[in-house]
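Could you have a look at this structure, given as structure tokens, before my questions?
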Amino acid sequence: MLMDRLSAIDALAPAMTRVGAMLFKPFRLGAWLKMGFIGLLGGGMVAFNANVNFRAPAFPQELPHDQFPQDPWAEIHHAIRSIHLADYFHIIVVVVAALVVISLIFLYLFCRFRFVLFDSVMSGQPMVGRGWRRYASQANRYFGFWLVFRLVTWVTIALIVGVPLWNAYKNGAFSGDDSIIAFFKIIASIALGAIAAGIGFAIISTLMKDFIMPIMALDDLALGDAWAALWRVIASEPGAWAAYLGMKALCAIGAGIGLAIAFVIAMLPALVIIGIPVGILIVLGVLAMKAAGLALGIIIFIVAALLATAGFSSLYMILIAPITVFFASYAFYFFGGRYPKLGALLWPQPAPPTPTPQMAGTQPVV
């Protein structure tokens, strides 16, 4: 069946239609939560924050409490200059190693949930177990690619960013005064190369997430064959694919702004709905600490923290659910006219009518 190749702009409308069909007709809170959870892991929307306690330089302690420095900016400048990054190098290494391990765990979940996302959007039903089981072998090969891709990314970053920083560290640039200033000067000198590498890696990542994954899911091809098949399609109309990448970047900016606005609007009712039970638990925890001891109070505080985390995480998953469906659908509709197996799932043809059997004696006489 010959299908229309939708342009980057034409694919927007059917993607929005699929968002409405999956999440609004009818509205089901459970579907929003499931889709948000799938998108949280399958969309790569994972961030890490690390809190590292270290001895920072402080203002002189002998300063009277009622007297401020005559030149506070000079004091701040002196404090920044007194930071010697070499003193914290071992802490930085431990933190980086821990982040690498955590990122590998989430990378594996991302690979598995990327196929879960594909299965959910194509079927119109957000389900984790079915996609997890159906595409296990493809997801494992997908994970292998991302391991190599991340390794290449880290090596490239090490060459572009790490080598100049390491040379500066060995030469003592971070051991004396003005080490922070020296650090930012080196970063500024290598920024252009880092930006160019980042754009290249972003394009490869987008093609892998949006188009290689459907090919692997439907044809179960090896990675090299999948890339070869995709490249033949891209080479036939490079302008359309450049337009897709540009349009997706614009949509991502718009979605980020919309998500921020929605989050601010939703925070007021969320603070009331989540804040009241959390506040009650905090009060109970204080009373428990006074009446029954420290242990019970700590347990209640932990429950309050878990409740607040679950509440705001659920709010975030609800807000990203339509964004998750839209971007996956947008990629699939753009690719569907160029990949017949995917197009057959997006635009299924009605089955031919079954011929009605005729009773004996009713056939026309010739």
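Within the stretch 261-272, how many residues are surrounded by 13 or more Cβ atoms within 10 Å (Cβ to Cβ) and of a type outside the set (Phe, Trp, Tyr)?
Number of matching residues: 5.
Residues in the stretch 217-247 that are in contact (Cβ under 8 Å) with a residue 12 or more places away in the chain, within 17 Å of Tyr333 (Cα to Cα) and under 24 Å from the mean Cα position of the chain (by Cα): how many?
Number satisfying all stated conditions: 8.
Where residues in the stretch 282-313 are part of a helix (DSSP H, G or I) and open to solvent by less than 40 Å² (accessible area, probe 1.4 Å), which of them is farthest from Gly124 (Cα to Cα)?
Residue satisfying both the conditions and the ranking: Ala288.
Moving on to the next point. Would the stretch 323-333 turn up any residue that is without any contact (Cβ under 8 Å) to a residue 60 or more places away in the chain and surrounded by 19 or more Cβ atoms within 10 Å (Cβ to Cβ)?
no
When you look at Leu250, is it closer than 21 Å to Ala13 by Cα and either part of a helix (DSSP H, G or I) or without any contact (Cβ under 8 Å) to a residue 12 or more places away in the chain (or both), yes or no?
Yes: the conditions hold for Leu250.
Check whether at least one residue in the stretch 278-292 is in contact (Cβ under 8 Å) with a residue 24 or more places away in the chain and more than 26 Å from Trp132 (Cα to Cα), and report yes or no.
Among the residues of the stretch 278-292, at least one is in contact (Cβ under 8 Å) with a residue 24 or more places away in the chain and more than 26 Å from Trp132 (Cα to Cα), which makes the answer yes.
Please list, ordered by first then second residue, the pairs with beta carbon atoms under 6 Å, 6 or more apart or interchain, first in the stretch 11-31 and in contact (Cβ under 8 Å) with a residue 12 or more places away in the chain, second exposed (fewer than 15 other Cβ atoms within 10 Å of the Cβ).
Met22/Gly124
The values are calculated or read from the model by the stated rules, or taken from the named source; none is laboratory data. Keep in mind the model is a prediction, meaning the values are calculated, not measured. For neighbour counting, all protein chains shown are included, and Cβ atoms are generated from backbone atoms with ideal geometry for every residue, glycine included. Side chains are part of the model used for accessible areas, which takes the heavy atoms of the whole protein and leaves out ligands, DNA and RNA. Shrake-Rupley method; radii C 1.70, N 1.55, O 1.52, S 1.80 Å.
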